[in-house]
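Remarks on the structure that follows.
The values are calculated or read from the model by the stated rules, or taken from the named source; none is laboratory data. Just so it is clear, the model here is predicted, and its values are computed rather than measured. All Cβ positions, even for glycine, are placed from backbone atoms using ideal geometry, and neighbour counts span all protein chains on display. What goes into the accessible areas is simple: the full protein's heavy atoms, side chains included, and nothing from ligands, DNA or RNA. Shrake-Rupley method; radii C 1.70, N 1.55, O 1.52, S 1.80 Å.
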Amino acid sequence: MLGSIYSGITGLRNFQDQLDIVANNIANVNTVGYKGSRATFQTLLFQNLRSGMAPQNQLGGINPMQIGAGSQLASIDKIMTQGSPMSTGKVTDLMIQGEGFFILSDGTDQYYTRAGNFTRDYNGFFLEPATGMKLQGWTAQVDEEGNRFIDTNEPIGDIQVSANQIMEATETSFVALANNLNAGVGIQDTTIVVKSTTGESIPIKFSFTRDMSSEENKDKNVYNWTASVVGSDYKFALYDSSTGYLTSTNEITGKVELDNTGNVINWVNYDGRGVPIDNSKISINEIVDKNGAPVSLEAAAPVSAELLGSISVKDSSGNAVYYDPTSTKVSFIDTDNDGDANQVKITLTMEGGTTLTFTAEDADGFTIGEFNTLLATGIEHKDVNGVVDYTLTGLKLTGGADTDILTIQTISDLKSQIDPKSVITSALVPATLEGSISMTNGSGDPVYFPPQNIKVSFNGTDVTITLKDSDGDVLTLTKNETDFGDGNGEITIKEFNDLMLETGSGVTNGTYTLKGLKLTGGADTDTIDVQVLDGVQSVSIPEPASAEVATPVSATLTGSITLTDETTGETVYYDPENIDIEIKGTVFSITLTKKDGTILTFTKDATSFGNNDAEISIEEFNDLLSEGIVDESGTYTLTGLHLVGDSDTYTINNQSLSDLKSVREMIQTPLGGAIRLTDLNNPTNFSEAEYVNPSVTTSTVVYDSLGNPYNVYLRFSKIDANTWYWKAELEDGHPLFKSTTDGQLLDDPAEGVIAFDANGNIAATQWKINPDGTIDQDLKDGDNGAAGFWFDPAKVGAALNDEVDPESAAAAGPVNVSINFQELTQFFAENSIAVTEQDGNAQGTLESFAIDNNGLIIGSFTNGLAAPLGK
């Protein structure tokens, strides 16, 4: 009984200890850095009532029988789990995140704690407030250049952050630039496509580069521009009004100045010598009229027309007149030597061998329509007294348009009219068979037949005509009197003539119909006896003759006149205006004026070139002007003009063109506003060059050795592809001075040229601009762009302002700053260049500090800088 009471008492005692531990934990719930404890128990001594026995034979093992004597306290453990953070607003209240302890010292020994509720004493030492022990760590050191740093390799010691700590002034020795310069700034290249007078496209490309040829231009948006003809044989025309020179060139140049928004302040065109000219227009070498319009030459397209019909000649009484049908000649003649056929002449041989000529004239030349009208009403012959005695009709031209022009020509050896034959009639009075046989097919179209060996038969009731067709096959055409007469079985002269009239039915074989014959010399009532007329010769114009005609067309004169000295081969300059071109008859001439006022005339007769046919075709003209025409003195050769028409076979008509110009104004350059280039011949066609301000500025503050601040501006301006000009200035724009990589301080402006590679990375940092504006890329001569800048605050002429010599800077000495460009890039993206680092500062006093997550004590000074104070 006493044992059981004793065992219970041990348990009560142990539970009392556990309650004491829990109570202590509760009591320290607000203790900074406190870690809770826990109690663990174990059994006290055991009393054996029976020993255990191992298994043997067929029996199993037996456990021992024990009675315990109670329990005892085994351990009291610290629970080191992370506590909950709490903001106190006190900069010296710290907490360790994770494992570890703050180290405290009493000057002799070191102690460890998780409690971070520290304070600072009067001397700036960090203390544990309950014991006064000092927090251990590292205090920042200051190197020779005034930079503060923490050396964790040094032994730990008391951390001290004293009030009114001083950061010494440090002179700036370098600045570092980083981020992007926009590759897409400046004036972008642009192309305008204009049209020649023949509609040919002429692409003209304008390119722009910065003009850095003067100090003034470095601060302005001045560009040199170049215009070039792309993929075309056309050239620019440059005319110098002071000398009268006219030159041809593939490129022209000039200059343009813009404001910062890209509007044109001034646009200048240069002549071939680079001298500004007083003309805002751009011209090409192309022949135009005095109004600048395309020049068209009247030409003619050769075609042919068939001369058909049957010549009929009547005297003043209206009686048909016989003529030789085998020697007819039709001529179209130019009587005034202007190249046009203004006269028609038809010549016949009359009975007895005399000739009879019929003539008609038209001052403007004959067309097919006019010829046909003339031959329908009749072309007249007059006797010596001017009295009309014969009239000729019956011919007709087909196969062309009425407006087609008849060219100069003669058509000889035509045959017309039958050879008159005597026909026996009932009155025993011979009648004469005459006229002109005309045979047509079922569609009414004329049909050719050989004019010889025609047979005409009368058998009393039938009229039969036998001839051959063009293939030699015999054709027999018959008509019975009952089909055209009074049906009495006899054919009278009148019945025959009515049958053969154009309005009559004619004789037929079912396929062809023949008309055109006539009996004269007897009474209409006379009847025709049975008879055969063999060997009759006919017909109108046996096989249709071809007459040359021309359809009016036009060809465009293009190209540009080039004048060459026959002796030297050099180009001769001439007045590009008042050029005359004349084509009259067979003669072609061009007249222009030399620079000295001498009139030059270039003449060529059509009979001396080409196929010598007294006509000038487009092809012959172009070949001639390609080879060249020599002037009358044999001194100069003119080339360069070209005719463009639908066909090279077209012939050029007589005409005169005066006051032509060999220069055609094409483009109006901008006089203000946007960079817009306008097609003068089509104002709706224009090209506007895109502009983005090529300049960007970044700034920083640099310090002299006394800590005096100076605002420095680094200005960058793109001058060419991947190339930027830079310069360093002070706040008022006064230039800083050049320092070199070997430490020289020169009196030249601090400026240079940097360049980027195709990947946008920095490729060069020390190029420079020559006085003529070109870029010097040679780094071996030692005369390079600036590696940095310098100025002397105490020296007149080397400071911010020439007139200022601040006493506060008298002892500072020169400030020499190198520039690091290596972190710059150039991509098609917005400018973001900035000074990301500089190593100078003014003097500062500690005004506050903070402790970061790594235990670094960072001080903030009155100069705006932060520096490590301890850790």
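Numbers below:
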{"item": "Sorted peptide list for 455-465, 209-219, criterion being average Cβ within 10 angstrom, highest first", "result": "455-465, 209-219"}
{"item": "When the convex hull of its Cα atoms is projected in every direction, mean area for the range 48-185 (nm²)", "result": "26.2 nm²"}
{"item": "Full-stretch length increase - D648, N480 - with 0.36 nm per residue and alpha-carbon distance subtracted", "result": "54.7 nm"}
{"item": "Positive-pole candidate from S608, T568, L592, dipole of the range 568-612, charges at beta carbon", "result": "S608"}
{"item": "In order through the range 24-41: 3J(HN,Hα) via Karplus (6.51 cos²θ - 1.76 cosθ + 1.60), integer Hz, x for Gly, Pro", "result": "5, 4, 5, 5, 9, 4, 9, 7, 5, x, 5, 10, x, 10, 9, 9, 10, 10"}
{"item": "Per-selection Rg to Rh, the range 170-295 - Cα, Kirkwood hydrodynamic radius", "result": "1.13"}
{"item": "Of all accessible heavy-atom area on the chain, the percent that carbon and sulfur account for (1.4 Å)", "result": "47 percent"}
{"item": "Net lengthening on full extension, L680/T410 (0.36 nm per residue, minus Cα-Cα)", "result": "92.2 nm"}
{"item": "14 Å Cα-Cα reach of K290 towards aspartates and glutamates, excluding residues that sit fewer than 8 places from it in its own chain", "result": "D575, E577, D580, D659, E665"}
{"item": "FRET efficiency, K78 to S7 (Cβ-Cβ, R0 30 Å, nearest 0.05)", "result": "0.50"}
{"item": "Per residue value of the accessible surface for the chain (all protein chains in place, 1.4 Å probe), Å²", "result": "50 Å²"}
{"item": "R0 of 56 Å, Cβ-Cβ distance Y111-E257: FRET efficiency to nearest 0.05", "result": "0.10"}
{"item": "Inter-label distance, nm, simple model (7 Å from Cα along the C-beta direction), E361/N25", "result": "14.3 nm"}
{"item": "Two-decimal log10 I(q)/I(0) for the range 550-693, as the Debye equation yields it once each C-alpha is a single scatterer, q = 0.14, 0.17, 0.19 Å⁻¹", "result": "-0.75, -0.96, -1.11"}
{"item": "Bins of 10 Å, starting at 0 and running to the largest distance - Cα pair percent for the range 652-784", "result": "9, 25, 23, 17, 12, 7, 5, 2, 1, 0"}
{"item": "Lysine pairs in the range 654-784 with Cα atoms under 17 Å, if 8 or more residues apart or on separate chains", "result": "6"}
{"item": "Taking the chain and dividing mean pair separation by its residue count, relative contact order in percent (alpha carbons under 8 Å, at least six apart)", "result": "15 percent"}
{"item": "When the convex hull of its Cα atoms is projected in every direction, mean area for the chain (nm²)", "result": "94.5 nm²"}
{"item": "Hz values of 3J(HN,Hα) by residue in the range 522-528 - Karplus curve (6.51, -1.76, 1.60), Gly and Pro given as x", "result": "x, 7, 4, 8, 4, 9, 8"}
{"item": "L406 long-range amide H proximity, modeled H, under 5 Å", "result": "F366, T367, I368, A550"}
{"item": "Sequence-distant residues sharing a close amide H with Q165 (under 5 Å, placed H)", "result": "L846"}
{"item": "Potential extension, D747-L59 segment - 0.36 nm per residue separation minus Cα distance", "result": "236.2 nm"}
{"item": "Under Karplus coefficients 6.51, -1.76 and 1.60, residue-wise ³J(HN,Hα) of the range 683-692 in Hz, glycine/proline x", "result": "x, 6, 9, 8, 9, 10, 6, 6, 10, 10"}
